[in-house]
Amino acid sequence: MSLKAVLFDFNGVIIDDGHIHSQLLDQILIEENLQPQKMSEGQVSLGRSDRGCWQELLQNRGRTPSVEYINKLLHRKAQAYVQELEKIEKLPLYPGVEDLIYQVRWRNIKLGLVSGATRLEIKLVLEKANLEEYFPVIVAGDDITTSKPEPEGYLLAIERLNQKYSDLNLQPQECLAIEDTPGGIKAAKQAQIQVVGVANTYPFHMLHRWCNWTVDCLSDLDLSQVQELYGQKNLKLTKPGC
C-alpha cells in the first residue's frame, strides 16, 4: 500500500485563527441577545464545522434554529471573518505548512483539504497565503451536512480526487490526514484513513494515544519516513520537540 494523497485540515493545522473564530462567535451571540460561549463550549466546538457549532450553541440556549437562521449566522460570521483578516498584514500560518506542501508535491502525492469552515473563509486564507493552487480539491463545511467526527468530509474528498484524476483509483488506506483535534482525528479514522496529529491545539500526549503519527509541529514531520512505514499496521512515529 502506497501513500497517494495527503488531506489537510484547515483551522488549527494551516492557520492559527481559533481566537478570531471564538471572538466572532461571541460577538454574534451577543448581537442576538444570547449569552457568549462558556469555556466548556469553546472546547467542544474545536474541530467541528461552523454549522454544527452554531446548532449546538443555539440549542444550549434554548433555541430551535431553522436551517435558514443558521445559514444567516454562517454568512454573517464568514463576512466578519473576511473583515478581520483584511486587518492582518501577515497571516498567522503555522510553521512548516509550506514546507510540508512542498514535500508532498515533490513526491507527486495529491493534495486535498477537508474542513468544517466555510469555503469563503478557506479560499480567502489560501489566496492571501498564495497556497490556493496547491489544493485542487477542497471539501468545506458548505459541502456536507454533517460535522467532524463524522467521516463524510473525508469520504467526499476521496471521491472528488478520483473524479479529478481518473487514473488515481484512490482508496482511504492510501490517504494521510493531518489533524489537530480529537473530532478531526476520529473523522479520518472512521473513513479508514491514517492520521498525523499535530499538537497545535491539544497536547502531544493526548494526540499520541489516537494517531498513527504525532508531531509537535509540522516542521517535525518527515514525509519520507512516513512513506517508508506506510500501510503497515499499528505503527507510530512520534517526534516531540518543536
*Extension gain, Leu91 back to Arg119 (0.36 nm per residue minus Cα-Cα distance, nm)*: 8.3 nm
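Determine the calculated [θ] at 222 nm for the chain from helices alone, applying -39500 (n - 2.57) to every DSSP H run no shorter than 4 residues and normalising by the residue count; nearest 500 deg cm²/dmol.
On the way: 10 runs with 108 residues, N = 242.
The helix contribution divided over the chain gives -13500 deg cm²/dmol.
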*Do me a favour and compute the ellipsoid semi-axes for the range 151-190 from its Cα gyration tensor, root of five times each eigenvalue, largest one first, whole Å.*
21, 9, 7
*So which residue, out of Thr214, Thr64, Thr201, gets the largest mean-square fluctuation from a GNM of the chain using Cα contacts under 10 Å as springs?*
Thr64
*Could you check which residue among Glu150, Glu121, Glu41 shows the biggest mean-square fluctuation in a GNM of the chain with a 10 Å Cα cutoff?*
Glu41
*Hey, can you find the accessible area per residue of the chain for me, probe 1.4 Å, expressed in square angstrom?*
48
*Can you pull the one-decimal nm distance between simple spin-label points at Asn169 and Asn33, each 7 Å off the Cα toward Cβ?*
6.2
*asked:* Need one number: nm distance between label points at Lys72 and Ser40, each 7 Å from Cα along Cα→Cβ, rounded to one decimal.
replied: 3.0
_To test your reading of the geometry: what angle, between 0 and 90 degrees and rounded to tens, separates the Cα axis of helix 97-106 from the longest principal axis of the chain?_
40
*GNM on the chain, C-alpha springs below 10 Å: top fluctuator among Asn200, Asn60, Asn212?*
Asn60
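The values are calculated or read from the model by the stated rules, or taken from the named source; none is laboratory data. Nothing here was measured: the structure is a model prediction, and the numbers come from that model. Every residue, glycine as well, gets a Cβ built from its backbone with ideal geometry; the counts of neighbours run over all protein chains shown. Remember, those area values only see protein heavy atoms, side chains included, never the ligands or the DNA or RNA. Shrake-Rupley method; radii C 1.70, N 1.55, O 1.52, S 1.80 Å.
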